[in-house]
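Data block below; observations after.
The values are calculated or read from the model by the stated rules, or taken from the named source; none is laboratory data. As the structure is a prediction and not an experimental result, all values here were calculated from the model. Every residue, glycine as well, gets a Cβ built from its backbone with ideal geometry; the counts of neighbours run over all protein chains shown.
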């Protein structure tokens, strides 16, 4: 899969249309594309109510604020020992990693329930 910021996820079978709309909205909020892409709201509105869009915006904005705050002040998001664990994990036994992922894929549900259609805050 390509890097976020490209539209590769929009072609992926891994995400539902609703999940794709949530990612699109998070990108829209993060990259401030409102001036250059005026169709994003209408696309997202097909999948989320206005209340849900407000919640998505608040969550994206919160993470953006936190990340920019930490970056600006040079505060690491993780303690160094946690970063070191990640570096060490690059040297994991590939066979064990493959087995782990296979187990996850084998137990992955084929379908997820749709949001409650009776929810008065849900659009559609």
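A few points about this structure:
- Residue count, segment 37-56 (criterion: within 22 Å of residue 116 (Cβ to Cβ) and at pLDDT below 90): 0
- Checking each residue in segment 54-84 for being under 18 Å from residue 19 (Cβ atoms) and in contact with a helix residue (DSSP H, G or I) (Cβ under 6 Å, 6 or more places away or on another chain) picks out 56, 57, 60.
- Segment 31-88, residues that are assigned to a loop (DSSP other than H, G, I, E, B) and within 24 Å of residue 7 (Cα to Cα): 32, 33, 34, 35, 36, 37, 38, 39, 46, 47, 48, 49
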